[in-house]
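Q: Structure in structure tokens, see below.
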Amino acid sequence: MKYFALIFLFLMVAACNTNEDPAFQENKASVSRLEKLVKEYPDSVGLKLSLLNYYDSIGLAAKAYPVLNELIANDSANYGLWFRRGQLEEVLEDTAAAINSYLRAINIYPGPEAQLSLAYLLAEKKDSKSIVICKRILELGLGRETEASCYFIQGVYYARIADFDKAETLFDQTIAASYTYMEAYIEKGLLFFDRGRYREALQVFTFASTINNLYADAYYYMARCYEMMQMKDSATIRFEQSLSLDKNMVEAKAGLERVRKM
């Protein structure tokens with residue numbers, strides 16, 4: 001019962017996190033009070049989950065991580081906590097640890113979310129086990145969004161091992177299953193970009209921007225195509241567009257500096 005109660009509480013807090021009072025999310029005094037409460041009531045799972053979610057929501061994965069480890073120490077058979085740890089470890093760029101956490105989660109409960117998260121990391125490492133996992137998830141018939149994720153991850157695997165035709169087919173299948181799956185457009189465009197086929201890549205990235213005109217990456221990669229084609233003015237405009245949508249995109253800032261020196 002402890003396991004199911006904690007999973008339920010974990011999901012409830014995560015779901016409600018985005019509905020918290022903005023002052024609670026942004027005010028340093030509020031998080032200080034929450035930290036104080038956790039110290040006063042160290043056995044409160046709910047308070048620790050709230051603190052964990054707060055840290056995570058403001059990009060402090062490094063502070064969230066020890067809180068999560070405390071929760072796992074007290075409930076090591078909790079699928080949700082291990083899955084969350086894998087996600088945090090990805091943010092912290094510790095791929096090996098994330099793979100281990102997803103495996104621990106899957107050993108407790110073979111949830112498709114953890115399996116697909118694991119499969120994606122394996123695909124990036126050119127590990128064919130990612131294909132096996134995706135095919136197994138596809139057989140479950142969990143719906144088009146899950147289907148799209150399976151095709152996308154397989155596409156990433158084939159892209160990384162340079163089987164470009166198979167990768168392109170899988171990215172097209174991803175888009176057919178979910179036309180707003182923006183990462184699939186980017187990966188498909190990169191298949192052309194990485195082989196110096198900049199005009200074909202530009203067509204893909206431009207189309208992606210029509211599907212979601214607020215997607216900064218589409219404009220960034222359009223800019224990269226223009227940059228490689230020595231079209232300074234067009235590259236400048238697209239880098240600026242990407243930055244207007246995501247002011248923290250350091251790659252776009254660097255690109256803008258490069259083209260201004262062309």
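Q: Run the numbers for E93 and S128: contour at 0.36 nm per residue of separation, minus the present Cα-Cα distance, in nm.
A: On the way: separation 35, 0.36 × 35 = 12.60 nm, distance 2.15 nm.
Computed gain between E93 and S128 is 10.4 nm.
Q: Label points 7 Å out from Cα along the Cβ direction at S32 and D194: separation in nm?
A: It works out to 4.9 nm between the two label points.
Q: Using +1 at the Cβ of each Lys and Arg and -1 at the Cβ of each Asp and Glu in the chain, identify which of L49, Y65, V31 lies farthest towards the dipole's positive end.
A: Farthest along the dipole direction, towards plus: Y65.
Q: With only alpha-carbon atoms in the gyration tensor, what are the semi-axes of the equivalent ellipsoid for region 171-262, in Å, largest first?
A: Numbers: eigenvalues 97, 45, 17 Å².
Working from the Cα gyration tensor, I get semi-axes of 22, 15, 9 Å.
Q: In addition: Got the relative contact order for region 96-174 handy, in percent, Cα pairs under 8 Å and 6 or more residues apart? Write out the running numbers ahead of the final one.
A: Details: 93 pairs, mean separation 19.4, N = 79.
Once divided by the residue count of region 96-174, the mean separation gives 25 percent.
Q: With the contact rule set at Cα under 8 Å and sequence spacing of 6 or more, what percent relative contact order holds for the chain? Show your work: numbers first, answer last.
A: Details: 321 pairs, mean separation 20.9, N = 262.
Reported as a whole number, the value is 8 percent.
Q: Oh, and also: Find, among the GluC sites (Glu not before Pro) in region 44-119, those assigned to loop by DSSP (not H, G, I, E, B) with at most 14 other beta-carbon atoms within 10 angstrom. Before the final figure, lay out each step's value.
A: Working: sites: E70, E89, E90, E93, E113; in loops: E93.
Here the sparse-neighbourhood loop sites are E93.
Q: What distance in nm separates the simple spin-label points at L140 and S244, each placed 7 Å from Cα in the Cβ direction?
A: 4.2
Q: Just how large is the dipole of region 66-160 about the Cα centre, in debye to the nearest 20, putting +1 at every Lys and Arg Cβ and -1 at every Asp and Glu Cβ?
A: Using only the charged Cβ atoms, the result is roughly 340 debye.
Q: How large a share of the accessible area of region 87-182, in percent, is made up of carbon and sulfur atoms when the probe is 1.4 Å and the other protein chains stay in place? Can you show the working numbers first?
A: Working: 2410 of 4810 Å².
The computed percentage sits at 50.
Q: Still on this structure, please answer the following. Quick one: Cα centre-to-centre distance for region 121-149 and region 65-108, in angstrom?
A: Centre-to-centre distance over Cα atoms comes out at 20 Å.
Q: Would you work out the relative contact order for region 119-262, in percent, from Cα pairs under 8 angstrom that are 6 or more residues apart?
A: On the way: 205 pairs, mean separation 19.6, N = 144.
Result for region 119-262 is 14 percent.
Q: While we're looking at this one, here's another question. Short version: what are the Cα gyration tensor semi-axes of region 95-150, square root of 5 times each eigenvalue, largest first, in whole Å? Show your work: numbers first, answer last.
A: On the way: eigenvalues 64, 36, 15 Å².
Over the Cα atoms of region 95-150, the semi-axes work out to 18, 13, 9 Å.
Q: Also: For Cα extents along the principal axes in Å, the listed values are (i) 61, 45, 28; (ii) 58, 43, 36; (iii) 69, 44, 31; which was obtained by calculation from the structure presented?
A: Correct label, based on the coordinates given: (i).
The values are calculated or read from the model by the stated rules, or taken from the named source; none is laboratory data. None of the values given here were measured: they were computed from a predicted structure. We place every Cβ from the backbone using ideal geometry, glycine too, and count neighbours over all the protein chains shown. Just so you know, the surface numbers come from the protein's heavy atoms only, side chains and all, with ligands and any DNA or RNA stripped out. Shrake-Rupley method; radii C 1.70, N 1.55, O 1.52, S 1.80 Å.
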